[in-house]
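Heads up: the structure comes next, in structure tokens.
The values are calculated or read from the model by the stated rules, or taken from the named source; none is laboratory data. Treat the numbers as computed from the prediction; the structure is a model and nothing was measured. Here the Cβ positions follow ideal geometry from the backbone for every residue, glycine too, while neighbour counts run over all protein chains shown. Ligands, DNA and RNA are excluded from the accessible area calculation, which covers all protein heavy atoms including side chains. Shrake-Rupley method; radii C 1.70, N 1.55, O 1.52, S 1.80 Å.
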Amino acid sequence: MNRKKSLAAGLLFCTFLLSCCGCGKQQPEDSGKIQVGVVFYDQSDTFLGELVDCFRQQLAAYGDSGLEVTMMVRDAAGSQRTQDDQVKELIGAGCNVLCVNLVDRADPSEIIDLAREWDVPMIFFNREPVAEDMMQWDRLYYVGADARQSGEMQGELAADLILKDSQIDRNRDGKIQYVALEGEPGHQDAIIRTESAADTLENSGIALEKLGTGIANWDRAEAQNRMQQLISQYPNQIELVLANNDAMALGAIDAYQKLNYTDAALPVFFGIDGTKAGLEAVIDGELAGTVYNDKEGQAKAMARIAVAAVTGEGMEEIEFQDGRYIYLPYEKVTDGNVREFLLNGSGESSPIA
Ligand code: GAL
Ligand code: CA
């Protein structure tokens, strides 16, 4: 063999080796296991903590039915950079499907690049990436709920109560003076919930006067602070508190308790989520109502997609919207039906549909 020929043969062999390795990017050996990685934006978030617990239960049920399933969870503690690194780490550790609760829903590009590069399907949940990002690859999914629906239901709950109970308009001026407690700016569930709740109230014929807004990032302690400021700005004027979630509604109640307000001098409070603490506050009559954010249904949908994406079986049976979205419906919770939710969640808790 002359030199030219042996060089050509060598090159051919290298090309063959490279093509066997699929560009060098390969996951550790496929073991038939479903190895689920979960990253979420902040473990101090009450609703997400409960949702991730439900998801763990759903996966455990698949485990009981004979599949080999593992789950690894990472908390980004509010940093997108940390989360990007956690995604790399989990892929390196052999995760073959990832569930991603973005820190910054407008910045998923690094994570999507990793997913595509390593061919790891991704289920975004609760914090919805924008549509253009979702279209970047065909193995991206989203599981969540429709923010507008939750705001409308909160508005309906508040309207029903205001129309029934004339005492809520405490200064009897024919208008309801209210404040809004909002989640993180830029989150799909924050502004939309506030706007649709207020629009629904007005469409039910209730005259509203907005006194102020407090941004409290879904957090009970922050909401207590914001509420204390609002109370001192509008002493005895607030008749209604619309909070974007239960944690913030409970923070608002904490603020009044700290100031030793009597029950008769309190405004009415509405939340969203139906967390354990939120439901208990409805039972105690502290929270006038909440809107159930169906964590059981969301966890169940995430588990079904994760299992189908890895095994290659059952994806056709899942009913997606636009091929990749699942939105679970919200439900209204009042003192009339709250006990059912505390006992059974949304009724979606039975695993594996
Ligand atoms: C919302 C939920 C909030 C908070 C937020 C985090 O859907 O109502 O309580 O958990 O998600 O993204
Ligand atoms: Ca009034």
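Structure summary
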{"item": "Single condition VAL310 does not satisfy, out of (1) assigned to a helix (DSSP H, G or I); (2) touching a helix residue (DSSP H, G or I) at 6+ places or on another chain (Cβ under 9 Å); (3) surrounded by fewer than 23 Cβ atoms within 10 Å (Cβ to Cβ)", "result": "(2)"}
{"item": "VAL120 vs. criteria in a loop (DSSP other than H, G, I, E, B), open to solvent by less than 10 Å² (accessible area, probe 1.4 Å) and among the β-branched types (Val, Ile, Thr)", "result": "yes"}
{"item": "Residue satisfying all of: in the range 84-117; open to solvent by 20 Å² or more (accessible area, probe 1.4 Å), of a type in the set (Gly, Ala, Ser) and in a helix (DSSP H, G or I); farthest from VAL310 (Cα to Cα) among these", "result": "SER109"}
{"item": "Sole residue being touching a residue at least 40 places away in the same chain (Cβ under 8 Å) and open to solvent by 60 Å² or more (accessible area, probe 1.4 Å), chosen from ASP335, ASP273, ASP294", "result": "ASP335"}
{"item": "Index of the failed condition, LYS175 passing every other in (1) modelled with pLDDT of 95 or more; (2) surrounded by 15 or more Cβ atoms within 10 Å (Cβ to Cβ); (3) under 25 Å from ARG226 (Cβ atoms)", "result": "(2)"}
{"item": "Which numbered condition GLY297 fails, given (1) in a helix (DSSP H, G or I); (2) within 16 Å of ligand 1 (Cβ to nearest atom); (3) under 30 Å from LYS175 (Cβ atoms)", "result": "(3)"}
{"item": "Residue that is farthest from ASP107 (Cα to Cα), among those in the range 196-221 that are under 19 Å from the mean Cα position of the chain (by Cα) and open to solvent by 30 Å² or more (accessible area, probe 1.4 Å)", "result": "ARG220"}
{"item": "Breaking point among (1) under 18 Å from PHE47 (Cα atoms); (2) surrounded by fewer than 16 Cβ atoms within 10 Å (Cβ to Cβ); (3) touching a residue at least 60 places away in the same chain (Cβ under 8 Å), for PRO185", "result": "(3)"}
{"item": "Number of the exception - LEU230 against (1) within 16 Å of ligand 2 (Cβ to nearest atom); (2) of a type in the set (A, V, I, L, M); (3) touching a residue at least 12 places away in the same chain (Cβ under 8 Å); (4) open to solvent by 70 Å² or more (accessible area, probe 1.4 Å)", "result": "(4)"}
{"item": "Qualifying residue in the range 240-250 (condition: over 17 Å from the mean Cα position of the chain (by Cα) and in a helix (DSSP H, G or I))", "result": "yes"}
{"item": "Test: residue in the range 11-29 that is open to solvent by 30 Å² or more (accessible area, probe 1.4 Å), more than 30 Å from ARG105 (Cβ to Cβ) and modelled with pLDDT of 60 or more", "result": "no"}
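Condition check ((1) touching a residue at least 60 places away in the same chain (Cβ under 8 Å); (2) in contact with a Lys or Arg (Cβ under 8 Å, 6 or more places away or on another chain); (3) more than 30 Å from VAL268 (Cα to Cα); (4) away from ligand 1 (no atom under 15 Å from the Cβ)) across all residues:
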{"site": "ASP107", "(1), (2), (3), (4)": "no, no, yes, no"}
{"site": "ASP113", "(1), (2), (3), (4)": "no, no, yes, yes"}
{"site": "PRO121", "(1), (2), (3), (4)": "yes, yes, yes, yes"}
{"site": "GLN149", "(1), (2), (3), (4)": "yes, no, no, no"}
{"site": "ASN171", "(1), (2), (3), (4)": "yes, no, no, yes"}
